[in-house]
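Here is the structure we will look at, set down as structure tokens.
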Amino acid sequence: MNRLIRISLLFLILFLSSILKAQTLEDFYNINTVQEIRISFVQKNWSDILDSLIQDGDGSGRLLGDVTINGLVFKGVGIRYKGFSSWDVDNAKNPFNIELDYTIKYKNYQGYTKLKLSNVIHDPSFVREVLAYEISRKYMPASKANFANVYVNDTLLGLYTNVEAVDKDFAERKFGSQTNSFFKGSPNVLQYPFGQNSNLANTHGNDSSGYIPYYKMESDFGWNDLYDFIHKLNVDTSQIESVLNIDRTLWMHAINYTLLNLDSYIGYSQNFYIYKDDNGRFNPILWDLNMSFGSFRYSDGISLNLTIPKIAKLNPLQYLSQASYTPRPLIKNVLNNTTNSKMYIAHMRTIINENIKNNTYFNRGQAIQDSISQFVQNDTNKFYSFTDFGNNLTSNITANTIQYPGIKDLMEARIAYLDTFPGFFNPPSISQINYSPSTPNEGENLLISAKVIGASKVILSYRFKTNGLFSKILMYDDGNHNDGLLGDSIFGASILTAGDIIQYYFYAENDSNGIFSPERAEFEFYSVQPKISKGDITINEICSNWIELYNNTKENLRLKDIYLSDDSANIQNWPIPDTAISPKGYFMIEKSLVNSGFAVQDNGSLYLAYDENGLIDSINFGEIIENKTIGRFPNGVGAFVYMNPTYSSRNSSGIIIEFGYTLFPNPA
């Protein structure tokens, strides 16, 4: 082996070892673990330099330094301060934006290349941001968040919130793509009061160039897409649904108005992202929840300064009933549709019922405070006293002339107000959900029904792939749509089975209320898996000790009612456990799991099937060779060849086996 090959193999081994090590590490955003982040600068006046990058530049410049995350060292990292009201030259504890791959491409920690560290300047309780993100993730794609102890040159600066960045990697994880148009609502110069900022109104001109100062492009292109979106949102409103994920928008507004997060699109029209998915629709993404639960009470939309009692009674439909100082088309033009308005209130009711009325938010707040209490006490640069930290979960705290609401007091007042708000009480009910057949064939009608009481309209929404668009059809209680008898409150509809998965949900409304089932729809939904087609699940690799199955699709597929056999006369020999294979994932069947009469032996066969008429995959093979396997190459789709074992991982290329003669591939 020549020297170059040896060096290449060594680097490959080290690279794979680092990946395996990273996979064994605890999740960087695990809420139960406080991370340790140590920043090292050569310059002793590092803070002055970081300040000057904001004061004398546009805030995007970075200072090189080294960062150690939980003991793992990153060299040549790009570091800057971040924030608007949270940064100040007089602060000993300023927020950080850290790029791990600033000088070394692909450098990351557990797949994360950018760190966002907030200094908790407007939250005596320390829990607002982490708690609000935890609630938000139940209803829409939102950042993970926890805490980190941050040091600079071995001096503890204090406890920070550690929030997952909304970047291209985030888009890939949440939307399955990262190259589409992507923007942040973040004006170069925040105009307040009464500023247009990033309000998505068409008030900055008739072409995309007028909007550049108000939105930060996170993608490599997209200004024309942004202008087209703004035009349809403001002018061609009948086309809004073609360019905007309406349901995701309703959830964002519902979260902001329920958790009283005004430092958002509601207030100065900032602190949000929009990403264009593969369906051509922009999806809003929450950002900067550090002043949720009423910590920020300014708005240039309706009122400049809201007291705590006033914010508790903030009208969630205020932009429909009151004239605003500056346009808010993402709210007004979406909620002008009465069904959208009812859906929005239904989402708010779900958030209230699942998090606030049952005290889940308060119990979680207490648990989070308990887990960080010692770290907060050790933080000598925090902006509030340790007593304030303990009290603000329940009581108002005043510091530097600003009054921060007690979270529990505020939420209880919020509940009392919303309980009397139209749309929050006496919604329709949805129950007794059924479908048949249980495992439909491709092209077969799937009959879906539900009992719905108190509704004048029932809608079934469905799609045939994850991240696809939902289609909508009306359901009927007329005795002709798989709905039982006329007027028995059973509503029915049918759809033609297609694709690898069927995902669906219900929405019902009357003249004043709406309700979803499941209530977290569209973010959550019901699923039906049609029978798996040939090639979707394959026998991918075999040896005498194990058999590997592979999922060729982009969907989670259940192996329910599927059998493995070595005998064509007894296809249903061994039932596979009712488990699921993740997209492009593997399921391993160990020899010990298979009954004693079943074995992979020379010159044998294997069958994967529902029954005699439902064959999914099969293989006829020759000699089983010690320390070698028989597997598909290319992985999942190719012909079977002898290869070195690749247990639960991508198959390698075939090898030549010598039996006194050479045959490749083998089996031929």
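In the stretch 134-162, what count of residues is obtained for those that are polar (S, T, N, Q), open to solvent by less than 10 Å² (accessible area, probe 1.4 Å) and in contact with a helix residue (DSSP H, G or I) (Cβ under 7 Å, 6 or more places away or on another chain)? Explain how you work it out, then say what you get.
Just the residues of the stretch 134-162 that are polar (S, T, N, Q), to begin with: 136, 143, 146, 149, 153, 155, 161-162.
Now drop any that are not open to solvent by less than 10 Å² (accessible area, probe 1.4 Å), which leaves 136, 143, 146, 161-162.
If we keep only those that are in contact with a helix residue (DSSP H, G or I) (Cβ under 7 Å, 6 or more places away or on another chain) as well, we get 136, 143, 146, 161.
Within the stretch 134-162, residues that are polar (S, T, N, Q), open to solvent by less than 10 Å² (accessible area, probe 1.4 Å) and in contact with a helix residue (DSSP H, G or I) (Cβ under 7 Å, 6 or more places away or on another chain) number 4.
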Self-check item: Of all residues in the stretch 176-214 being assigned to a loop (DSSP other than H, G, I, E, B) and among the hydroxyl-bearing types (Ser, Thr, Tyr), the one that is nearest to Tyr325 (Cα to Cα)
Solution: Tyr192
Quiz item: Just a yes or no: is a residue in the stretch 99-121 buried (at least 19 other Cβ atoms within 10 Å of the Cβ), among the β-branched types (Val, Ile, Thr) and closer than 28 Å to Gly294 by Cβ?
Solution: yes
Practice problem: Mind listing whichever residues of the stretch 568-587 are at pLDDT 90 or above, closer than 19 Å to Phe621 by Cα and not small (Gly, Ala, Ser)? | Solution: Asn570, Ile571
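Pick out the one residue from Ser596, Ser648, Ser653 that is assigned to a loop (DSSP other than H, G, I, E, B), on the phi > 0 side of the Ramachandran plot and either modelled with pLDDT under 95 or open to solvent by less than 60 Å² (accessible area, probe 1.4 Å) (or both). Before you say what the answer is, go through the steps one by one.
Numbers: Ser596 fails: on the phi > 0 side of the Ramachandran plot; Ser653 fails: on the phi > 0 side of the Ramachandran plot.
Criteria check complete, one pass: Ser648.
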Quiz item: So, of the residues in the stretch 304-330 that are among the β-branched types (Val, Ile, Thr) and modelled with pLDDT of 90 or more, which turns out to be most open to solvent (accessible area, probe 1.4 Å)?
Solution: Thr307
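Test of understanding: among Phe425, Phe421, which residue is open to solvent by 60 Å² or more (accessible area, probe 1.4 Å), of a type in the set (A, V, I, L, M, F, W, C) and within 30 Å of Ile459 (Cα to Cα)?
Details: Phe421 fails: open to solvent by 60 Å² or more (accessible area, probe 1.4 Å).
Going through Phe425, Phe421 in turn, just one is open to solvent by 60 Å² or more (accessible area, probe 1.4 Å), of a type in the set (A, V, I, L, M, F, W, C) and within 30 Å of Ile459 (Cα to Cα): Phe425.
One line per residue, one yes/no per condition, for (1) touching a Pro at 6+ places or on another chain (Cβ under 6 Å); (2) crowded, with 24+ Cβ neighbours inside 10 Å; (3) modelled with pLDDT of 95 or more:
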residue	(1), (2), (3)
Ile255	no, yes, yes
Tyr268	no, yes, no
Asp278	no, no, yes
Phe293	no, yes, yes
Ser299	no, yes, no
Ile302	no, no, no
Leu335	no, no, yes
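Looking only at residues in the stretch 533-549 that are open to solvent by 10 Å² or more (accessible area, probe 1.4 Å) and assigned to a strand (DSSP E or B), which one is farthest from Gly443 (Cα to Cα)?
Initially, the stretch 533-549 is screened for residues open to solvent by 10 Å² or more (accessible area, probe 1.4 Å), giving 533-536, 543-546.
Still in the list and also assigned to a strand (DSSP E or B): 534, 546.
Values: Lys534: 15, Trp546: 35 Å.
Ranking the qualifying residues of the stretch 533-549, first place goes to Trp546.
Every residue, every condition in (1) surrounded by fewer than 21 Cβ atoms within 10 Å (Cβ to Cβ); (2) more than 21 Å from Arg248 (Cβ to Cβ); (3) of a type in the set (Ser, Thr, Tyr), yes or no:
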{"site": "Leu469", "(1), (2), (3)": "yes, no, no"}
{"site": "Lys472", "(1), (2), (3)": "yes, no, no"}
{"site": "Asn480", "(1), (2), (3)": "yes, yes, no"}
{"site": "Gln503", "(1), (2), (3)": "no, no, no"}
{"site": "Phe506", "(1), (2), (3)": "no, no, no"}
{"site": "Asp511", "(1), (2), (3)": "yes, yes, no"}
Quiz prompt | Whichever residue in the stretch 210-250 is open to solvent by 50 Å² or more (accessible area, probe 1.4 Å) and among the aliphatic types (A, V, I, L, M) and, among such residues, is farthest from Asn180 (Cα to Cα) | solution = Val235
Quiz item: Consider Ala569 against the criteria (1) in a loop (DSSP other than H, G, I, E, B); (2) open to solvent by 30 Å² or more (accessible area, probe 1.4 Å); (3) under 27 Å from Gly499 (Cβ atoms): it satisfies all of them except one. Which criterion is unmet?
Solution: (3)
Self-check item: Residue under evaluation Leu10, criteria (1) at pLDDT below 95; (2) surrounded by 11 or more Cβ atoms within 10 Å (Cβ to Cβ); (3) out of contact with any Pro (no Cβ under 7 Å at 6 or more places or on another chain), criterion not met
Solution: (2)
Exercise. Take Thr307 and decide whether it is in contact (Cβ under 8 Å) with a residue 60 or more places away in the chain and either more than 27 Å from Lys138 (Cα to Cα) or under 22 Å from the mean Cα position of the chain (by Cα) (or both).
Key: no
Quiz prompt | Members of the stretch 42-73 that are open to solvent by less than 50 Å² (accessible area, probe 1.4 Å) and either acidic (Asp, Glu) or touching a Ser or Thr at 6+ places or on another chain (Cβ under 7 Å) (or both) | solution = Asp51, Gly65, Asp66
Exercise. Go through (1) out of contact with any Pro (no Cβ under 7 Å at 6 or more places or on another chain); (2) open to solvent by less than 40 Å² (accessible area, probe 1.4 Å); (3) among the small types (Gly, Ala, Ser); (4) more than 24 Å from Phe383 (Cβ to Cβ) one by one and return the number of the condition Ala201 breaks.
Key: (1)
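The values are calculated or read from the model by the stated rules, or taken from the named source; none is laboratory data. All values derive from a computational prediction rather than experimental measurement. With ideal geometry, Cβ positions are generated from the backbone for all residues, glycine too; neighbour counts draw on all protein chains shown. Only protein heavy atoms, including side chains, enter the accessible area calculation; ligands, DNA and RNA are left aside. Shrake-Rupley method; radii C 1.70, N 1.55, O 1.52, S 1.80 Å.
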